[in-house]
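Please treat every number below as a calculation from the coordinates, not as lab data. The shown structure was predicted, so the numbers you read here are calculated from the model rather than taken from an experiment. We place every Cβ from the backbone using ideal geometry, glycine too, and count neighbours over all the protein chains shown.
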Amino acid sequence: MPRCVRSSCNKWQYAISFMNRTFLDIHTHTIVSGHAFSTLAEMVVEAQRQGMSLLGITEHGPSIPGTCDPIYFRNLHVVPRRWDNLSLLLGAELNILDTTGRLDLDESYYKRLDIRIAGIHGFCWQGGTKEENTQGVIHAISNPWTHVISHPGDGAADLFFEPLLEASKQHRTLLEVNSTSMRPARGLVKSYENNLEILRLAKRMNIPIILGSDAHIAKDIANYEHCLPLLKETDFPNDLIMNYQRPEVLLDYLQIELKS
């Protein structure tokens, strides 16, 4: 399968420092995705500044307007995966295209990716009923190449969350609680309540989740600001939050081997 002085750090880092150390963020984007604003090197520098151990850079799959040509993913082998004390996972946020769970790259690319996130984006999603949508995401969860389902609670598709969590546990595919999707500027009105439901179910069912910054600029790496009120409201246990575990816990759970 942040230590910081209150007057000089971002408010989400200050809050997290009282909860647990954030070791990792595996859902971020660079300028390669077409609508993000930092380079790979800038993302690495910021993650190192924060003292993080593991950073995932997951560019959008080819169905998102303006993203990279698939040839980008064929050349990931040229990028070092170790930058001093920071390890990199280079991969993709693939698009779940329809209720069959079809993704927008094939297996010839999957093996080139360190990490594979899959999620629904309205630009390229052909949905159906709530039951059909749920089955589509379950198909993506059960795909042996999928590590994480991105922002299932953002409301892009109506979903039943309990069966998604059951499938998540069975296949060791993590569901993400995405901070960016709960920003008021996004206007995703269902996101807060949906993610609250995901956390309540995951706590009851004792299933780990992962927080996602979905950073599209370096300063937002490990920005889980909009997740924190939900974690507090649900009294969600730290030991079920993968970001608060050492990277080897996540890597073992997802059966990922770090490359050199």
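Key figures
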{"quantity": "Under 5 Å, built H, 5+ apart or other chain: amide partners of Leu89", "calculated": "Leu55, Gly56, Ile57"}
{"quantity": "Mean Cβ count within 10 Å, highest first, over the residues of peptides 147-154, 224-231", "calculated": "147-154, 224-231"}
{"quantity": "Label point 7 Å beyond Cα of Phe123 along Cβ direction - residues of the stretch 70-101 with amide nitrogen under 16 Å", "calculated": "70-73, 92-98"}
{"quantity": "The chain - share of DSSP beta bridges that are antiparallel (%, nearest 5)", "calculated": "10 percent"}
{"quantity": "Normalised contact order of the stretch 54-144, rounded percent, pairs of Cα under 8 Å and 6 or more residues apart", "calculated": "31 percent"}
{"quantity": "Integer Hz, Karplus 6.51/-1.76/1.60 couplings in order for the stretch 67-73, x for Gly and Pro", "calculated": "6, 6, 5, x, 4, 3, 6"}
{"quantity": "Sorted peptide list for 213-219, 83-89, criterion being average Cβ within 10 angstrom, highest first", "calculated": "213-219, 83-89"}
{"quantity": "Under 5 Å, built H, 5+ apart or other chain: amide partners of His151", "calculated": "Glu176, Asn178"}
{"quantity": "Pairwise centroid distance, computed over Cα atoms, of the stretch 228-245 with the stretch 132-206, Å", "calculated": "15 Å"}
{"quantity": "The stretch 25-32 - phi-based ³J(HN,Hα) in whole Hz, Karplus 6.51/-1.76/1.60, Gly and Pro as x", "calculated": "8, 10, 10, 9, 9, 10, 4, 4"}
{"quantity": "Per-q log10 I(q)/I(0), the stretch 151-260, q = 0.12, 0.18, 0.20 Å⁻¹ (Debye; single scatterer per alpha-carbon; no solvent)", "calculated": "-0.40, -0.91, -1.11"}
{"quantity": "Separation in nanometres of the label points that stand 7 Å from Cα toward Cβ, at Asp69 and Trp83", "calculated": "2.5 nm"}
{"quantity": "Lysine pairs within the stretch 190-260, Cα separation less than 25 Å, 8 or more sequence positions apart or different chains", "calculated": "4"}
{"quantity": "³J(HN,Hα), Karplus 6.51/-1.76/1.60, whole Hz, each residue of the stretch 229-239, x for Gly, Pro", "calculated": "x, 6, 4, 5, 4, 8, 6, 6, x, 4, 6"}
{"quantity": "Cross-link reach list, aspartates and glutamates versus Lys169, counting only Cα pairs under 18 Å and skipping chain neighbours closer than eight places", "calculated": "Glu197, Asp239, Asp252"}
